[in-house]
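Heads up: the structure comes next, in structure tokens.
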Amino acid sequence: MADPGPRRVVITGLGAVSGVGVGADAFAAAIRAGTVGTRPITGFDVSGFPYRMAGEVHDFDPAPILRNLDPADWGRSGLLAASAARLAAQDSGIDAGLLERRRVGAIMGTTSGESTVASRLAEQWVHSELKRLDPRLVGQAPAAQIASAVSNELLLSGDSQTVATACSASNYALGYAYDLVRTGEADLMFAGGADAVNRFTHAGFFALGALAEDVCRPFDADRAGILTGEGGAALLLEPLEHARARGARIYAEVLGYGVNCDARHMVHPDAASIAACMRAAHRSAAIDPADVDYICAHGTGTPTNDATEILAVREVFGEAPPPISSIKSMIGHTMGAASGFGAVICCKAIADGFLPPTANLQRLDPAFAGLDVVPGTGRAARPDIVQNHGFAFGGNNVITVFGRVS
Amino acid sequence: MTALTAPRPRPLAITAAGVVSAAGLGLRPLGELLAERLPGHAEPVGADSADYPPRAVRSVPGFKLADHIGRKKIRNLDRLTGFGIVSTRQALAAAGDMPDDGPDDRTGVVLATNTGSIGSIAEVAQDALLQDRPYLVNPSRFPNTVINSAAGQIAIWNRLHGMNATLAAGQLSSLYAFRHALIALGQDRADRLVVGGGEELSAVLAWGWHGTGALPDHAPLGEGCAMFTVEDAERRGGGSALAQVLACETGFYGLRKRLQSRSQGLSNVIGRALERTGVRPDEIDLVAPGATHHVGLERIEERGIRAALGRMPEQLRVADTVGETYSAAGAMQVAGVLAIWDRRPAARPRTALVTAVGHDGNVGALLIREAEVA
């Protein structure tokens, strides 16, 4: 049998459960308007913490979204993931029976897994003399439960895999899902990520000196750090031919991705390594830097990340890179979901014709002079090819590239 | 869309192995214990050893990271990371790498773990919950609580700049790691991967298992890490290898499906692995099952294997020797197969089936064939 070559893979469904809106349309509209969703934390007791802001999904109620999961049986990260995936399935208009019958799976990214479950277990462990742990919580604790939640909600029978490569995990999941679909190992795949705001992550970032007090200001001269955030993001990856045959709305094509590891330091990013990842992504997508119309930045808002990221961008793109913005200014750093939200907004940017903004910018860092960070609110545009950055603890870099299907 | 036409997967060459287990370091001691059906070290170790519940364990005895990589810069590395670094070093050394080799852009890491280091998480939780100021967690230790910490450190200590993955799929995690390696190398995402899984035992983890009732008290909990250097067998061409991974197939039979459907599911994935590789059921010399001692699952796994093969070949119960290593289980089963083959040479290359069934509904089957005798 002749090798038909790899299949072209497109995005036909988007799901988002975020602090600025539930559903891809609500999420994208809020981002486009520059809506800042970071607020005082309600998810855990912040008394004793000097900094108390985060990008939470307030009043998150999975029950009306989910059809098959009992929310009582799952941790918050899994519920955010499953809700986003259910929304993506609905958005795609795909036949639910087809999802059940075909080889369809879920690859979901995360940084801290079921961190709110782990927090409760940790409290039981620390405060109890009896060393008894609630077995229901123990069962919910493995990070694997995030992809399991998606597979159970959508009744999938294909690969069910959680990718825990921290803050680039959604991009890693997208890259892997893309390879599964393009090779025919899977018929369709859901990919994305989820994380929940929790006490330990908040404490850890504070201890590292990476937390901002009030707002997240990527690329600003006075940027102070991240705000922790949470949410679930999911995308449906489908072969182009199949999408066309069923008359699906096609948001964008996955053109390729690049992945590498700094292998130098656990928390300090490395510009040369990030630049190498960008070049790998461009090679994979068979594009040149000049083809890229927009960069969805990792853009955490820490002094180090933004300086390093822009250094790498200039190394690859020269002195006039395309517009680059950070949606973390609005939703905070949603960790394992972050590059998933980036991918969702990239698809919306291509399909709806706009550039997402960087909110909260007061004064552009003079070191970034000449850079278009799309300050304030979104801007009408027609990006054809965009790249989505995800960098992480452990030096895990993954960059995905999306393009318009003409 | 037509259903998957199941082209033959591009096999992986396993070029070397590194193992840290209750049997000791490397394949050889593991093979010796497996051949005699003897347990590895069967007492808890470490500062929390008095806090364990009353149940069987298999732990890695006398493990000191400084013995392997020196005393510098290791103060903040946790036990799981130590296992990962040492097993990876063993594998790379056996594959011919030198410790002072330069950075390697085309070798990556695929590590299976569901939680990262639970010891590190418990330590940071202790700080955050018991200190006067909840934010006074140790910034040098906090990164250890992030799940991909071990894979990141493995890359740093071995200068591996290629793709770096941390994968979680419950009991199936290590099999999924092999599956990821098959697909990534087939797509030329790297030249070589160090793939495997790790698990770190502690009193808190033992109590966690203990309460679930998933394993009877006599079923030992284990720990360790098994890592393998793997390459795309076709691109690599000749050269010595231990074995080839011919296929790794997985499926999900979740909560809405009846428990029995998992045995059918396992049978399906075994059947798919056989069909895609052209291996006949009667060619399977050895089965390394993954659900050993698991309440409910052990029989489901056996039924699935019998349904697919029409018989039950000789079984290798790796978990009896190294314990239930959860995230690392599939990697330990592969290590066990390689170790027993090494221990008992045969005139012709043998084929083994490694299976796994998870309480979450994941099922998987990996086919491995011994290298031709040179």
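Just one of the numbered conditions (1) in contact with a Cys (Cβ under 9 Å, 6 or more places away or on another chain); (2) not in a helix (DSSP H, G or I) is not true of B:ALA273: (2).
Conditions tested, residue by residue: (1) within 14 Å of chain A (Cβ to nearest Cβ); (2) open to solvent by 10 Å² or more (accessible area, probe 1.4 Å).
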residue	(1), (2)
B:ALA331	no, no
B:VAL337	no, no
B:ARG344	no, yes
B:ALA352	no, no
B:HIS359	yes, yes
B:ALA365	yes, no
B:ILE368	no, no
B:ALA371	no, yes
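Checking the stated criteria, A:PHE60 turns out to be among the hydrophobic types (A, V, I, L, M, F, W, C), more than 11 Å from every other protein chain (Cβ to nearest Cβ) and either within 28 Å of A:PRO142 (Cα to Cα) or open to solvent by 10 Å² or more (accessible area, probe 1.4 Å) (or both). Comparison of B:VAL137, B:VAL60, B:VAL109, B:VAL124 shows that the only residue that is within 14 Å of chain A (Cβ to nearest Cβ), open to solvent by less than 30 Å² (accessible area, probe 1.4 Å) and assigned to a loop (DSSP other than H, G, I, E, B) is B:VAL137. Within the range B:48-57, the residues that satisfy the criterion of being over 22 Å from the mean Cα position of the chain (by Cα), surrounded by 11 or more Cβ atoms within 10 Å (Cβ to Cβ) and not small (Gly, Ala, Ser) are B:ASP48, B:ASP51, B:TYR52, B:PRO53, B:ARG55. Restricting attention to the range A:168-183, report how many residues are in contact with a Ser or Thr (Cβ under 7 Å, 6 or more places away or on another chain) and over 18 Å from A:ALA252 (Cβ atoms). So the answer is 3. None of B:ILE183, B:ILE147 is surrounded by 24 or more Cβ atoms within 10 Å (Cβ to Cβ), under 18 Å from the mean Cα position of the chain (by Cα) and within 29 Å of B:VAL363 (Cβ to Cβ) except B:ILE147. All but one of (1) modelled with pLDDT of 95 or more; (2) touching an Asp or Glu at 6+ places or on another chain (Cβ under 7 Å); (3) more than 7 Å from chain A (Cβ to nearest Cβ) hold for B:ALA150; which doesn't? Answer for B:ALA150: the failing condition is (2). Among the residues making up the range A:384-399, those that are part of a helix (DSSP H, G or I) and open to solvent by less than 10 Å² (accessible area, probe 1.4 Å) are A:GLY394, A:GLY395.
This table checks each residue for (1) more than 30 Å from B:ARG344 (Cα to Cα); (2) touching a helix residue (DSSP H, G or I) at 6+ places or on another chain (Cβ under 9 Å).
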position	(1), (2)
B:ALA190	yes, yes
B:GLY213	yes, yes
B:GLY224	no, yes
B:GLY239	no, no
B:LEU255	yes, yes
B:ASN268	yes, yes
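Counting only helices (runs of 4 or more DSSP H) that sit completely within the range A:239-343, those holding 1 or more residues that are open to solvent by 30 Å² or more (accessible area, probe 1.4 Å) correspond to A:240-245, A:271-285, A:303-317. Being within 14 Å of another protein chain (Cβ to nearest Cβ), under 17 Å from the mean Cα position of the chain (by Cα) and not polar (S, T, N, Q), is that true of even one residue in the range A:263-274? No, that holds for no residue. Residues of the range A:114-134 that are open to solvent by 60 Å² or more (accessible area, probe 1.4 Å) and within 9 Å of another protein chain (Cβ to nearest Cβ): A:GLU123, A:HIS127, A:ARG132. Taken over the range B:159-178, the criterion of being closer than 20 Å to A:CYS261 by Cα and within 8 Å of another protein chain (Cβ to nearest Cβ) is satisfied by B:ARG159, B:LEU160, B:HIS161, B:GLY162, B:MET163, B:ASN164, B:ALA165, B:THR166, B:LEU167, B:ALA168. When restricted to residues that are in contact (Cβ under 8 Å) with a residue 24 or more places away in the chain and either hydrophobic (A, V, I, L, M, F, W, C) or surrounded by 21 or more Cβ atoms within 10 Å (Cβ to Cβ) (or both), the range A:63-85 contains 15.
Determine whether B:ARG28 is within 24 Å of B:ALA319 (Cα to Cα), within 19 Å of the chain's Cα centre (by Cα) and surrounded by fewer than 20 Cβ atoms within 10 Å (Cβ to Cβ). Yes: the conditions hold for B:ARG28.
What number of residues in the range B:246-262 are over 22 Å from the mean Cα position of the chain (by Cα) and either crowded, with 20+ Cβ neighbours inside 10 Å or away from chain A (no Cβ under 11 Å) (or both)?
Counting residues in the range B:246-262 that are over 22 Å from the mean Cα position of the chain (by Cα) and either crowded, with 20+ Cβ neighbours inside 10 Å or away from chain A (no Cβ under 11 Å) (or both) gives 4.
Which residue pairs have Cβ atoms under 6 Å apart, sit 6 or more places apart or on different chains, and have a first residue in the range A:389-406 that is away from every other protein chain (no Cβ under 14 Å) and of a type outside the set (Gly, Ala, Ser) and a second that is assigned to a helix (DSSP H, G or I) and open to solvent by less than 10 Å² (accessible area, probe 1.4 Å)? Filtered contacts from the range A:389-406: A:VAL401/A:ALA281; A:PHE402/A:CYS346; A:ARG404/A:ILE350. Residue check: A:LEU99 meets all listed conditions (1) away from chain B (no Cβ under 11 Å); (2) within 21 Å of the chain's Cα centre (by Cα); (3) modelled with pLDDT of 95 or more; (4) open to solvent by less than 40 Å² (accessible area, probe 1.4 Å) but one, namely (2). In the range A:7-16 there is no residue that is open to solvent by 20 Å² or more (accessible area, probe 1.4 Å) and closer than 18 Å to A:LEU156 by Cβ.
One line per residue, one yes/no per condition, for (1) modelled with pLDDT under 95; (2) part of a strand (DSSP E or B); (3) of a type in the set (A, V, I, L, M, F, W, C):
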| position | (1), (2), (3) |
| --- | --- |
| B:MET1 | yes, no, yes |
| B:ALA13 | no, yes, yes |
| B:GLU32 | no, no, no |
| B:ARG37 | no, no, no |
| B:GLY40 | no, no, no |
| B:GLU43 | no, no, no |
| B:GLY46 | yes, no, no |
| B:LYS64 | no, no, no |
| B:ARG75 | yes, no, no |
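Against the test of being touching a His at 6+ places or on another chain (Cβ under 7 Å) and either under 27 Å from A:GLY184 (Cβ atoms) or part of a helix (DSSP H, G or I) (or both), the options B:LEU185, B:LEU129, B:LEU167 yield a single qualifying residue, B:LEU167. Residues that are open to solvent by less than 10 Å² (accessible area, probe 1.4 Å), touching a Pro at 6+ places or on another chain (Cβ under 6 Å) and of a type in the set (Gly, Ala, Ser): does the range B:320-329 have at least one? Within the range B:320-329, one or more residues are open to solvent by less than 10 Å² (accessible area, probe 1.4 Å), touching a Pro at 6+ places or on another chain (Cβ under 6 Å) and of a type in the set (Gly, Ala, Ser).
The values are calculated or read from the model by the stated rules, or taken from the named source; none is laboratory data. Computed from a predicted model, the values in this text were never measured in an experiment. Positions of Cβ are backbone-derived with ideal geometry, glycine not excepted, and every protein chain shown enters the neighbour counts. Just the protein is used for accessible areas: all its heavy atoms, side chains included, with ligands, DNA and RNA removed. Shrake-Rupley method; radii C 1.70, N 1.55, O 1.52, S 1.80 Å.
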